[in-house]
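These notes are about the structure you will find just below.
The values are calculated or read from the model by the stated rules, or taken from the named source; none is laboratory data. As the structure is a prediction and not an experimental result, all values here were calculated from the model. Cβ placement follows ideal geometry from the backbone for every residue including glycine, while neighbour counts extend to all protein chains displayed.
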2 protein chains.
Amino acid sequence: MTDDVAPDFSFALNATDGAARAGVIATPRGEIRTPAFMPVGTAGTVKAMLVDHVRATGADIVLGNTYHLMLRPGAERVARLGGLHRFMNWPRPILTDSGGFQVMSLAQLRKLTEQGVEFQSHIDGSRHMLTPERSIEIQCLLGSDIQMQLDECPAIPIEQDKARASMELSVRWAKRSKAAFADMAAPGQALFGIVQGANYEHLRRESLDALLALDLPGYAVGGLAVGEGREEMFRVLEFTCPHMAADRPRYLMGVGKPADIVGAVARGIDMFDCVAPTRSGRHGQAWTTAGAVNLKNAQFAEDNAPLDPDSDCPASRDYSKAYLHHLFRAGEYLGPMLLTWHNLHYYQQLMAGLRAAIANGRLAGFIDGFKRATGEAIV
Amino acid sequence: MTDDVAPDFSFALNATDGAARAGVIATPRGEIRTPAFMPVGTAGTVKAMLVDHVRATGADIVLGNTYHLMLRPGAERVARLGGLHRFMNWPRPILTDSGGFQVMSLAQLRKLTEQGVEFQSHIDGSRHMLTPERSIEIQCLLGSDIQMQLDECPAIPIEQDKARASMELSVRWAKRSKAAFADMAAPGQALFGIVQGANYEHLRRESLDALLALDLPGYAVGGLAVGEGREEMFRVLEFTCPHMAADRPRYLMGVGKPADIVGAVARGIDMFDCVAPTRSGRHGQAWTTAGAVNLKNAQFAEDNAPLDPDSDCPASRDYSKAYLHHLFRAGEYLGPMLLTWHNLHYYQQLMAGLRAAIANGRLAGFIDGFKRATGEAIV
């Protein structure tokens, strides 16, 4: 009888090392090993990547952007075509954001009210209204496994009274999101709340307490991916993470570079997403165990060594830096294809290393090695 | 002792069906089953394709463009990096053209003399001189397995006296190419001559007779890829092919669409190259067993069927037309990536079908089926 019942959403914490955690999120579409990095598949594709290769790098879950997908091809269309998993040929877990962050950063003529955000599409100028309820409806039409509440995401620095008003609005939207989700979601799907409050400790705490009262299956830390700096981000995590539910996954939205991720894992974060590996890959930047290098630089024109001869990723192992340099100079598709692949593989190897270090109680040594190899001072 | 000797270049004709031929070209870097389609890898990459997937479609050989590679990254640089095969991670046979055709169509301020062609790079304006000897030198630096003589390639229609003068220049350049090749080439590499003479039967015959006297390991038919029309192209092949050496491969340069290839195979051609499948793929056009379709068209917006559910090519089988439509509308890399892959797979399947039909003496039936399925009248 239980064969017909899809497994529910759950999180198992398997190991801790200081504040760092290693675990597994179970969903009906497969497991997500944490700490997890989620490649960004904005418009239903991880840019310049074949989906089988995304999986082969070690990704358990990808992220889709509600704002982009609602505008093109449209959530109702994706639903008629069988949902986002089928559409993009990715049968494993998908997390969708609420669309709010992209509305604020990409759309035109935005108008924020208690009800939601009215905006014009940056693609065709069409008018749309994104409310907490409509965001959940869209995410259910897409069929994502982890859905995010609509929130307001102000940039830091922000005055305290504005930060409070914004945070309180996001809490009210969380409650409306939960009610809409209860009406519309399928078994095994999960709604995450988003902690706001800028860099004010008491506001973060108030936000978190209000969200914990909603008993959601996961919580995100929002508002830290917009350039406030690594030290300030770590400071916010240090006073926020200890109060987050220990038995729920913690997701740091839109972060980050490798050193951001390593430091946030050490402070108790379980999930990440960021365009850095894919966007950098399209622009010629490779993340390596020795830090970042730009393959467009003339120094690589006759460098016959691959990015990593010992890698099990073909993009890292089978092509010389001179060839990658040539591909970017010539504007060939294959440059972004190979370098995105390499970068995503690097990120997933980093996550695998973090998971193993936490499981073995050796995170401090792992971080020391990371700092030495990359020259990063603040981790 | 013979283990140390690279196998020589050779051609074995295994079957004929009317004028059509099926065989195998052997080279030190592997066999080329004929009739063969060579994907175009202009600047050291088959655009938007991973090289392993090029091979998986069934390609035995790819083409590199001497003009592009001599300008960027430069033939001497490719040689220092170990040659074109290593550079692009393609260990199998490569054919390079002479560079002449691209100089005529892409470069600026061209000046043609008996000595060669002087031109300015379309990339950076630098001045270059391409002679028969320099073309062979470049092709040897690249390390290509099949090299082409420098020729002049006038567009049809052309007056007879101009066509004769041009053809005679190409014959003189063939002789110079052969002498340079004898000095510079490695064992197992082959130089092909190019039959010119526009659409004049007696000029084609004179060109061919002069080239046959050079006893080259293969011969190409040039000047038929520049828009003279399919019927006129077939007419030239019908009076040219019967006089070509039966024991040498015959290469129709720059051709073509599927119906061009089917008709040319029926008239005795063994090798083809064309940008059609790759260029069309980047622009949303799919070649299918039922002809060509453009996936940008609105009719595909909710077409949930793949291009070919029975294909063994993931690009043809695992993604809906609606998804491909979306990728092209959204300008995503994955659209060109998947459609190029599909198109190259379609082309190689077509070649495999032609080879099997010739081997079984059933080419006429194969062509009837092709005409019915695609609606092509002239094949």
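For the reader, a short list of remarks on this structure follows.
- Options A:L344, A:L350; residue that is in a helix (DSSP H, G or I) and more than 30 Å from B:A43 (Cβ to Cβ): A:L350
- Among residues of the range A:322-332, those that are more than 7 Å from chain B (Cβ to nearest Cβ) and touching a residue at least 12 places away in the same chain (Cβ under 8 Å), counted: 3
- Check on A:I269, part of a loop (DSSP other than H, G, I, E, B), of a type outside the set (S, T, N, Q) and farther than 22 Å from A:T42 by Cα: yes
- One residue alone among A:G263, A:G335 is over 21 Å from the mean Cα position of the chain (by Cα), in a helix (DSSP H, G or I) and in contact (Cβ under 8 Å) with a residue 40 or more places away in the chain, and that residue is A:G335.
- Boolean, B:D303 is among the charged types (D, E, K, R), over 18 Å from B:H345 (Cα atoms) and out of contact with any Gly (no Cβ under 6 Å at 6 or more places or on another chain): yes
- Leading residue by the ranking (surrounded by the fewest Cβ atoms within 10 Å (Cβ to Cβ)) among those in the range B:358-377 that are in a helix (DSSP H, G or I) and in contact with a strand residue (DSSP E or B) (Cβ under 7 Å, 6 or more places away or on another chain): B:A359
- Condition check for A:L142: crowded, with 20+ Cβ neighbours inside 10 Å and hydrophobic (A, V, I, L, M, F, W, C): yes
- Checked against (1) farther than 24 Å from B:G116 by Cβ; (2) at pLDDT 95 or above; (3) over 17 Å from the mean Cα position of the chain (by Cα), B:R176 passes all but a single condition, namely (1).
- Test result for A:G23, modelled with pLDDT of 95 or more, within 14 Å of another protein chain (Cβ to nearest Cβ) and outside any helix (DSSP H, G or I): no
- Search result, residues across the range B:189-199 that are out of contact with any strand residue (DSSP E or B) (no Cβ under 6 Å at 6 or more places or on another chain) and closer than 14 Å to B:P28 by Cα: B:Q189
- The range A:300-319, residues that are crowded, with 21+ Cβ neighbours inside 10 Å and either part of a loop (DSSP other than H, G, I, E, B) or more than 29 Å from the chain's Cα centre (by Cα) (or both): A:F300, A:L307, A:C313, A:Y319
- Residue in the range B:310-328 that is within 24 Å of B:G41 (Cβ to Cβ), at pLDDT below 95 and in contact with a Pro (Cβ under 9 Å, 6 or more places away or on another chain) present: no
- Selection status of A:R248, under 23 Å from A:R33 (Cβ atoms) and either modelled with pLDDT of 95 or more or within 18 Å of the chain's Cα centre (by Cα) (or both): yes
- Flag for A:P35 being away from chain B (no Cβ under 13 Å) and surrounded by fewer than 24 Cβ atoms within 10 Å (Cβ to Cβ): no
- All positions within the range A:215-244 that are more than 19 Å from A:D97 (Cα to Cα) and of a type in the set (A, V, I, L, M, F, W, C): A:M233, A:F234, A:V236, A:L237, A:F239, A:C241, A:M244
- Qualifying position, being under 21 Å from B:E376 (Cα atoms), surrounded by fewer than 19 Cβ atoms within 10 Å (Cβ to Cβ), touching a helix residue (DSSP H, G or I) at 6+ places or on another chain (Cβ under 9 Å) and not assigned by TED's automatic domain parsing to the domain that holds B:D368, among B:E228, B:E206, B:E232: B:E228
- Residue match in the range B:314-321 (condition: away from chain A (no Cβ under 11 Å), over 19 Å from A:L142 (Cα atoms) and small (G, A, S)): yes
- Checking the range B:284-297 against the condition returns no match, with no residue being in a helix (DSSP H, G or I), among the hydrophobic types (A, V, I, L, M, F, W, C) and within 14 Å of chain A (Cβ to nearest Cβ).
- Residue in the range A:117-128 that is under 24 Å from A:F272 (Cβ atoms) and more than 14 Å from chain B (Cβ to nearest Cβ) present: no
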